[in-house]
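To start, the structure itself, in structure tokens.
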Amino acid sequence: MRLPSASDYVMLNGLDWNTDYEILVVAENQRGRSEPSITSFRTASEPTTVPATLGCQCVSCSLATLLLSALTLLWLS
């Protein structure tokens, strides 16, 4: 999926419980494309807490937000 350049995060919807996921993020600008940044995680086997309410509804979304922020910092440096 492609995101607008002003995007700070992406919402990952429809994830299954007790499932392994791998996310690859590539930044692109006038200089070209970055090497992919890869993160892996496994969703919980069942809901254990009330979802977060600060703009993110799941842990996986929070992980993707952190990953995108870190990649942006690396790409800009």
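The values are calculated or read from the model by the stated rules, or taken from the named source; none is laboratory data. Keep in mind it's a predicted model, so treat the numbers as computed, not measured. Heavy atoms of the whole protein, side chains included, go into the accessibility calculation; ligands, DNA and RNA do not. Shrake-Rupley method; radii C 1.70, N 1.55, O 1.52, S 1.80 Å.
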(request) Test residue 69 against the stated conditions and say whether it is at pLDDT below 85 and open to solvent by 80 Å² or more (accessible area, probe 1.4 Å). (result) no
(message) Restricting to segment 12-49, name every residue that is among the aliphatic types (A, V, I, L, M) and either assigned to a strand (DSSP E or B) or open to solvent by 60 Å² or more (accessible area, probe 1.4 Å) (or both).
(response) 23, 24, 25, 26, 38
(request) Could you list all residues from segment 18-38 that are more than 16 Å from residue 1 (Cα to Cα) and modelled with pLDDT of 90 or more? (result) 18, 19, 20, 31, 32, 35
